[in-house]
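Reviewing the structure listed below.
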Amino acid sequence: MESGGSRPIPTGFQVIHGNRLENLRELAVEVIRRFPLAPLEEEVFLVHSNGIAQWLKLALARDRDDPELAGLGIAAAMTFSLPSRFLWQVYRAVLGSDAVATESPFDKDRMTWRLLRMLPAVTEQEGFAPLARFLSGEEPERRLFQLAEKIADLFDQYQVYRADWLEAWSEGRDVLLVRGQEAAVPAGQSWQPALWRLLLEDIGAADGEISRADVHNRFLDAARSLTPQTRPAGVPARLVVFGVSSLPQQTLEVLSRLGQCSQVLLCVHNPCRFYWADIVEDRELLRAANRRGALREGMPAVLDDRNLHLHAHPLLAAWGKQGRDYIRLLDEYDNAADYRHWFERIDLFDDVVAGDSSATLLARLQDDILNLRPVSESRSLPAPEEGADGSLVFHTAHSPQREVEILHDQLLAAFNSDPALKPQDIIVMVPDINAYAPHIQAVFGRFDHDDRRFIPFTISDQGQRHQIPVLVALEHLLALPESRIAVSDVLDLLDVASVRERFGLTEEDLPLLHQWISGANIRWGLQGDQKRALELPAEMEQNTWMFGLHRMLLGYATGEGEAWQGIEPYDEVGGLESQIAGRLDAFIRELAYLWQALSLPRTPGQWLATLNDLRDRFFGALDDEGALIMGRLEQVASRWLATCEDAGLADVPLPLTIVREEWLAKLDQGGLSQRFLAGKVNFATLMPMRAIPFSHICLLGMNDGDYPRSYPPMDFDLMAGDYRPGDRSRREDDRYLFLEALLSARKRLYISWIGRSVNDNSERPPSVLVAQLRDHLDEIRPAKPTGKDARHATGPATSLSERLTTEHPLQPFSPRYFSGDEGPLFTYAGEWRSAHDGQRERESGRQALGDLPEDLPGDTISLSMPASFLKQPVEAFFRQRLGIYFDREAAGTEDDEPFVVDGLGNWKLTDELISQVLLQPPENGRSADEASLEARLTRVTERQAARGELPAGGVGVLQQRRLTRDLPELYERYQALLARYPVKQDLHLVSAGFQLAGQQLVLEDWLDGLRATPEGDLALVSLHTSGLTTASNQYKWPRFLAPWVNHLAACLTLDGPVNSFLLSKAGDVSFPPLPKQQARDHLHDILTTWLEGLCEPLPVAPKTAFAWLDALPKGEDRAREAARTVFESAYQRSGEVDETPALQRAWPDFDRLVADGRFTTLVNRLYRPLHEAVKGHSEDREAK
């Protein structure tokens, strides 16, 4: 056959071995240059990953005169295909499209749906009891789909790896061919041959439909006569198989036959130049007569357990099984004499070290594997001091986040030390990219492009289901029947721009919607019917979306008013913004329609119509990415419909659970079109056939148990007990991939794992592969004593692996990174350095900020300012001086209806009862019975329940009773006090000036609650929502602080003595009158200390202070013990320091709080007057 050039294309099955992929790539490019195809013919490449495909395209597109690697100038007219897809195309080309269908009914996907239909009937037959037992469990529909999928996957593997079994089964023989001998199918697995025969019968083998194994056998027969002159139209003139580290024997048989009419060029990455099949287990299965590699000099013809260690490289023996099988299978079809004359070399093995005395540790390790050196020989070779060249490094961290943070710093250091290094020269691989993607985005994505620490990066292999917003929304919508449809679910949907646009909402509308949803007490569930579908009681309408929407719309119509038909209005919706509530209502009603539509099984055709309806109802204009996803979804659904019809399921109703998973799983499948090698640091999943040469290869997540990844075989996989060379093992894939990564790193191999527990810092082991590598390094380079002169060294010997390992601290801001010592720990996070510089200044002596802030709150301050300071003196410094707010975020409870009213909720409800009932007179126009206190309290609690603020059902009734239980007694005490002080006073203006720190401040505010006797005696009377004493009758001192400041202000500014009375459901407290000067002195002390507290955090805390004062009469030691108990946490008790983040920051323990002696001074100045006033007044009343 003549080519488009002057040379004929050298046909044949040609195998080129090499230890460096760059050499193999160079040869492939040169072959294409020397032997060009005819016009309009395409080059066909078989690859197993998009990485290899992209790498080859870049090489082929290089300029023809490129001095580094001459290319073709353009990468056009080229097809990159997966081997399995290509094989079926060849079958059809050779056997004819009439003899072989476009898609085989024995493909895994098509078998899955056919088995889904068949299994319910066949499991009733004899011999299928194991399957029947599995299907009898919970969720039988999901179990049925999973079982059909697993069996289809197993039969698919049998067609590739055990075609002889299937042939015997189709002939009615229930046997397994194991190492040339027939063995009966194990007891309990006899259903497999029977099901295979039923599957053949159902597909219709008699009508011409044959299995893949049969198609393969027919191809082998038909291809015997292939020649270059008879090459069928669909068979390429040249086929290049590149970067594939494993192929089934079936595929090699096809490629060998194609070599009769085409050039089939296999570029094989072989880690060792010598014959090394005998150093791996199961070597007796590969006693091939044709050996491509030569025996290493001195190696005996037969290796056994006694001499294996003398002639084998341990890492190649431990990790190379998969590559060994592939290379040895190739030997069965490889006849080098037929094509050797076409090439200068067919064994492209180049020494890595080649006598270079300065070669790195990584290069020497690669060279040892290339030359099959055993440990004893590697140890005897001269080597420079290892550990300093940085070619092989280990890093341990406490978490995936820390691994990525450390990597970022290490890459910055690498770029800094090597100006020639580019981002595209680095690949980072992890066992599961979806687990690491958030950490990668958080670390690498936080820098702007103009930041010197910015490193361009890209993430490959991510599952699209959780990345593309439209797909996330689609998955949420398809999961409606199983969803609670909580607040977060709906807001997540509205976060997708296309969904918002469809319902006329904007991103700016979402905060207001969230506020309304919270205010209307919506929690989850569309309506009561949906909750009933989840087997909940019928009266569960409360806190649903319809419940809240009815409240919003009624509030818009009526404003704040009485309930209508049991609906309490929510009056925050009004004005022009009310249209947003209408759009939310339309969205929720569409969700209710979709929930109903998805809740019943449907035929495949009906499901396709439902999907189209869903798309029209919920998605507006789509961006390019969203439109592409919807287009792919349409293709996936159409192909699935055709598959179902082919499987006889056209009229069979199918549940949503299995339909949804099929659609989304197919959308999530990757291919050769994924983005890779995009000119940035590439993060990717550790996948077979991805070991492309890179300057730096970084492996993260190399944890014990995580890598090699665990893939337990199915318990009915009969291949598990019959290993054959070439069998696919994902665990062996991982081992060989680790070997390929080691061999593909050109300058540095970086390995990281979680070496310490984030909880208790306990040591955690690395992957067994990493442990093997470290052990090998220590074997070939034994430990050396530390010290400048080994003969007089006194330090312990450190192993090579220890010298190559850097253990990192738990936090990125650890002082160890900023100690200034030259060592392996460093960071480019300069923001932490300034924090540590400030910390060192504080440690050298705590310094106050000095002068008062220029933005001191005006010349006039309200009573709330000193009151807030007394409650949280340290917090005042951070908030008012530094502008730092330590508010703890409330736990997310918006998705759950109230079951038990929490402390804050109880306070709000009780406050409403007090303000609307206890502080209000009976309404005019009501009968005496209706105006009774109990009736008024009941009306308010019923409205609270109708607003959804109390639990539903009997629990809510009990909560209503608990809320009102103590209020009648409180009301009586309050009314008695009002009778004692019957005259209500107007609001009183407090205004008092203080000269403080050279500045005139005016304390000015209004006082409410003033009452008087007919004789003119004054009192401040206040009802408190929270109890003032504990169950053990102990005072809750912090709740007295704001009333105490009001009392001091009243005593200072009012004429005559003033009493203060504090009433609550749990305990009453009173403050006695104080002389004006005494009140002024106390306020002066508080304000002076407040100004001091704006300059530095003061060592005082109110709960701890009152504990000190309570115990002080028993001695200072008892006071110190009591204060420590309150301040610090203990088992099942939270201390004051852990309740206040500001205290944790300034005074993390009691000893530091009292260290400088100011604690007692501040306690006496701020809190002792209140303590004495309450205690003294209480004792006086008891004496009377």
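Brief remarks follow.
- If you filter the range 301-341 down to residues that are part of a loop (DSSP other than H, G, I, E, B) and within 28 Å of Gly180 (Cα to Cα), you find that the one that is modelled with the lowest pLDDT is Asp305.
- Test: residue in the range 474-487 that is farther than 24 Å from Thr610 by Cβ, at pLDDT 90 or above, surrounded by 15 or more Cβ atoms within 10 Å (Cβ to Cβ) and under 26 Å from the mean Cα position of the chain (by Cα): yes
- Helices (runs of 4 or more DSSP H) fully within the range 407-506 that include at least 2 residues being in the same structural domain as Gly548 (by TED's automatic domain parsing): 469-478, 487-494, 497-502.
- Restricting the range 426-436 to residues that are in contact (Cβ under 8 Å) with a residue 40 or more places away in the chain and surrounded by fewer than 19 Cβ atoms within 10 Å (Cβ to Cβ) leaves a set whose member that is nearest to Pro708 (Cα to Cα) is Asp432.
- Of all residues assigned to the range 348-357, at least one qualifies as being surrounded by fewer than 20 Cβ atoms within 10 Å (Cβ to Cβ), outside the structural domain of Asp704 (by TED's automatic domain parsing) and touching a residue at least 60 places away in the same chain (Cβ under 8 Å).
- Filter result for Pro1073 (touching a Lys or Arg at 6+ places or on another chain (Cβ under 8 Å) and not assigned by TED's automatic domain parsing to the domain that holds Thr964): no
- The residues of the range 445-462 include none that are surrounded by 19 or more Cβ atoms within 10 Å (Cβ to Cβ) and more than 23 Å from Ser49 (Cβ to Cβ).
- Leu1063 assigned to a helix (DSSP H, G or I), touching a helix residue (DSSP H, G or I) at 6+ places or on another chain (Cβ under 7 Å) and buried (at least 17 other Cβ atoms within 10 Å of the Cβ): no
- Test for Leu176: is it closer than 30 Å to Ile369 by Cα and in contact with a strand residue (DSSP E or B) (Cβ under 9 Å, 6 or more places away or on another chain): no
- Just one of (1) part of a strand (DSSP E or B); (2) touching a residue at least 60 places away in the same chain (Cβ under 8 Å) fails for Ala183. It is (2).
- Residue check, Ile485 β-branched (Val, Ile, Thr) and under 17 Å from Ala945 (Cβ atoms): no
- Pair list, Cβ under 8 Å, 6 or more apart: the range 607-631 residue part of a helix (DSSP H, G or I), other residue modelled with pLDDT of 90 or more and among the hydroxyl-bearing types (Ser, Thr, Tyr): Leu608/Ser638; Arg617/Tyr593; Gly626/Ser498
The values are calculated or read from the model by the stated rules, or taken from the named source; none is laboratory data. Treat the numbers as computed from the prediction; the structure is a model and nothing was measured. Every residue, glycine as well, gets a Cβ built from its backbone with ideal geometry; the counts of neighbours run over all protein chains shown.
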